[in-house]
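Note sheet for the following structure.
The values are calculated or read from the model by the stated rules, or taken from the named source; none is laboratory data. No experiment lies behind these values; they were computed from the predicted model shown. Heads up, the Cβs are rebuilt from the backbone with ideal geometry, glycines too, and the neighbour counts pull from every protein chain shown. Side chains are part of the model used for accessible areas, which takes the heavy atoms of the whole protein and leaves out ligands, DNA and RNA. Shrake-Rupley method; radii C 1.70, N 1.55, O 1.52, S 1.80 Å.
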Amino acid sequence: NALLEQLSQQLKNEQRSVVRANPDLSRTIDRSATSSPFSAGDFRMWAEGDNDKETSQPDQADKLKGTFTVRSAQNPSSAIEMMVVIIRPDGRVLKGSEWESGTFETPDGRKVYSAKVVFDYNKGESRKVSFSISGEDFLKGNYTLQIYHNGNLVGQGYRSLF
């Protein structure tokens, strides 16, 4: 047990250092582990301040913007709804205005989302989707971007503000 705990801690430390070295690191979730036919990847997330200029300094940021690419070989053409969840360095979900945020159901229970994106999707295409979330009091540290479809996590990315 002690050896397993030690190896687990080493893996967590290595993952943290990889995220610090590459703040735009993204991870696509294995679709076989979810009931969603979609996967999301190619994440890009950035902070903007005055005059819509990109910044990496949290005290100058007033919104987070981003893009991700959605793919599915199974889903028929239709309107798709996905939830964007941004987890702040303090573990809380970043919420924009009250009408932009809300809750949704996952297999693990109710979860708060930062934004909902709705878009048309054609079977087999790679579709780039964008989002923008206004906020206040951005913190230094790592932000986690999670994308959900039908309550299932389909992709995850990271961004640091310092």
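The table below lists the values:
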quantity	calculated
Output for the range 41-75, where each listed residue is under 21 Å from LYS116 (Cβ atoms), open to solvent by 40 Å² or more (accessible area, probe 1.4 Å) and over 19 Å from the mean Cα position of the chain (by Cα)	none
Single unsatisfied condition, GLU14 versus (1) modelled with pLDDT of 90 or more; (2) open to solvent by 70 Å² or more (accessible area, probe 1.4 Å); (3) of a type outside the set (Val, Ile, Thr)	(1)
